[in-house]
Amino acid sequence: MDERTLFTSFWTRESETTRCVLARVPEGSTYRPDPRSRTAQEIACQIVCEERMIIEALETGRFGSAPEQRPATMRDVLAAYDAQSAGMGGRWRPLPDARWASTIDVGGRERPAAAMAWSFLFDIVHHRGQLTTYLRPMGSTVPQVYGPSADEP
């Protein structure tokens with residue numbers, strides 16, 4: 001299995017898990033564990049934005065403009081995630097090997113495309129982990145991520 005195929009496989013599995021976590025964020029919650037922390041909805045928006053940014057960067061070879069306006073509600077965040085994720089595998093799989101092996105222009109600096117893709121995936125998983133720590137204090141439950149949780153044995 002080549003690296004892009006491996007990555008796409010991981011991406012697909014991780015996005016399914018991420019969707020489960022996003023779906024548990026209560027509508028209207030403004031919870032943040034500390035005044036300097038972002039709210040759960042802000043983190044969820046970050047995940048949606050990062051997923052869009054990395055696939056577009058791989059497709060074009062450069063990072064685009066600043067993200068558009070963030071969704072107003074968690075329902076909107078989840079809808080945006082669902083719409084985006086539905087076609088994501090179909091965007092990763094056909095990337096030419098040359099694109100995967102090339103570089104991405106990040107503000108005038110060239111970065112390896114494959115390494116950037118993995119880095120974004122790991123960052124999204126990190127933010128998803130942040131969200132799981134917010135769920136119980138917000139009155140929600142924690143889904144299985146890499147195995148059972150206290151809420152889903």
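Among the residues of the range 32-42, write down those that are surrounded by fewer than 21 Cβ atoms within 10 Å (Cβ to Cβ) and either at pLDDT below 95 or not small (Gly, Ala, Ser) (or both). Break it down stepwise before answering.
From the range 32-42, those surrounded by fewer than 21 Cβ atoms within 10 Å (Cβ to Cβ) are 32-39, 42; that's our starting set.
Result: 32, 33, 34, 35, 36, 38, 39, 42.
Which one of the conditions (1) modelled with pLDDT under 95; (2) under 25 Å from residue 3 (Cβ atoms) does residue 66 fail to meet, given that it meets all the rest?
Tallying (1) modelled with pLDDT under 95; (2) under 25 Å from residue 3 (Cβ atoms), residue 66 fails exactly one: (2).
Residues of the range 30-68 being of a type in the set (S, T, N, Q) and in contact (Cβ under 8 Å) with a residue 60 or more places away in the chain, which ones? I'd like the intermediate steps shown before the answer.
We begin by selecting, within the range 30-68, every residue of a type in the set (S, T, N, Q); these are 30, 37, 39, 41, 46, 60, 65.
46 - this is the single residue of the range 30-68 that is of a type in the set (S, T, N, Q) and in contact (Cβ under 8 Å) with a residue 60 or more places away in the chain.
Does the range 113-134 hold any residues that are of a type in the set (D, E, K, R) and buried (at least 17 other Cβ atoms within 10 Å of the Cβ), and which are they? Give the derivation first.
Taking the range 113-134 as the starting set, the residues that turn out to be of a type in the set (D, E, K, R) are 123, 128.
Within the range 113-134, 128 is the sole residue that qualifies.
List the pairs whose first member sits in the range 69-93 and is in contact (Cβ under 8 Å) with a residue 60 or more places away in the chain, whose second member is of a type in the set (Phe, Trp, Tyr) and surrounded by 15 or more Cβ atoms within 10 Å (Cβ to Cβ), and whose Cβ atoms are under 8 Å apart, counting only residues at least 6 apart or on separate chains?
Here the result reads 88/11; 89/11; 92/7; 92/11, each pair linking the range 69-93 to a residue that is of a type in the set (Phe, Trp, Tyr) and surrounded by 15 or more Cβ atoms within 10 Å (Cβ to Cβ).
Show the residue pairs that are 6+ apart or on different chains and have beta-carbon atoms under 8 Å apart, the first residue being within the range 4-17 and more than 12 Å from residue 114 (Cβ to Cβ), the second being part of a helix (DSSP H, G or I) and of a type in the set (Phe, Trp, Tyr).
11/92
Kindly indicate whether any position in the range 52-63 is farther than 23 Å from residue 142 by Cα, touching an Asp or Glu at 6+ places or on another chain (Cβ under 7 Å) and among the charged types (D, E, K, R).
Scanning the range 52-63, I find at least one residue that is farther than 23 Å from residue 142 by Cα, touching an Asp or Glu at 6+ places or on another chain (Cβ under 7 Å) and among the charged types (D, E, K, R), so the answer is yes.
The values are calculated or read from the model by the stated rules, or taken from the named source; none is laboratory data. Note that the structure is a prediction, hence the values are computed from the model and not measured. So basically every Cβ, Gly included, is an ideal-geometry build from the backbone, and we count neighbours across all protein chains shown.
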